[in-house]
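To start, the structure under review is shown below, and the notes come after it.
The values are calculated or read from the model by the stated rules, or taken from the named source; none is laboratory data. Everything numeric in this text was worked out from a predicted model, so none of it was measured. Reconstructed Cβ throughout: ideal geometry from the backbone, glycine too, with neighbour counts over all protein chains shown.
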Amino acid sequence: MSTARPATPPPQAGARADVRRRPAREEVRRAVLDAAAQVFARQGIDGASLDDVAAAAGFTKGAVYSNFGSKEGLVAALVEDRTSAYLDLGLEAVDQADATLVERARLLGDRLTAASEEQRDWHLLFTELWQRAVRTASSDGAFVERRRELRAAVSSAIEAHARETGAALPLAADDLATLLMALANGLAIERLVAPGEVPDDLMGRVLALVVGGGGSGPDHH
């Protein structure tokens, strides 16, 4: 969005100047990140230009460069932003003082499923980022690093909530974290392909079964 305007004489004393509020830096970053998620998902990271992202966000390409430095910088920031958002969502879902571990697992699954519906563009982008990491055999890129950090955070949260509820975990916390991430990603992809064939509560039911050691009731642990 161009900020250039025709030159005008200075306002008279006591007159009200027509000053347009400049968006705060965080507002610009948020708008660019949201636009990037949509544009990259629909056009591909390599197929989309920063001009495309800037236009979708309503700013100039200079605003993108000044906030993220480059396309790779923007991609890295987008990965970190979405990873942090999903982690916050998960921690909020399981932070239920009076709930059993199985109940928290069911709620977590339901929340993540709802989030996958709201962030369909992110899951399209996720598959491309995964392909890039696999094809380049990169072990130190932003995508891989954020996945490691997410897995470690999820594992720590599982251990903490198991101690709090007194529940015995059916698998090691690290293994459960890997299973949770794989299940969330896999079901999100299946919902993209066949949205009417994956029940909304499937992930919650599966997670409840896993942490409950096979029990069918929400209070079994």
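Annotations for the structure displayed:
- Number of positions in the range 41-60 that are part of a helix (DSSP H, G or I), exposed (fewer than 15 other Cβ atoms within 10 Å of the Cβ) and without any contact (Cβ under 8 Å) to a residue 60 or more places away in the chain: 2
So that you can scan it fast, the table gives a plain yes or no per residue for (1) assigned by TED's automatic domain parsing to the domain that holds Gly109; (2) surrounded by fewer than 16 Cβ atoms within 10 Å (Cβ to Cβ); (3) without any contact (Cβ under 8 Å) to a residue 60 or more places away in the chain:
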| site | (1), (2), (3) |
| --- | --- |
| Arg163 | yes, yes, yes |
| Gly166 | yes, yes, yes |
| Ala173 | yes, no, yes |
| Leu176 | yes, no, yes |
| Glu190 | yes, yes, yes |
| Gly196 | yes, yes, yes |
| Asp200 | yes, yes, no |
| Met203 | yes, no, no |
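- Positions within the range 26-71 being among the charged types (D, E, K, R), out of contact with any helix residue (DSSP H, G or I) (no Cβ under 8 Å at 6 or more places or on another chain) and under 22 Å from Phe143 (Cβ atoms), in sequence order: Arg30, Asp46
- So Leu129, is it at pLDDT below 85 and within 14 Å of the chain's Cα centre (by Cα): no
- Scanning the range 51-80 for residues that are of a type in the set (D, E, K, R) and touching a Lys or Arg at 6+ places or on another chain (Cβ under 9 Å) yields Asp51, Glu80.
- Boolean, Thr136 is of a type in the set (S, T, N, Q) and in the same structural domain as Leu192 (by TED's automatic domain parsing): yes
- Residue within the range 130-145 that is under 20 Å from Leu91 (Cα atoms) and either surrounded by 13 or more Cβ atoms within 10 Å (Cβ to Cβ) or of a type in the set (D, E, K, R) (or both) present: yes
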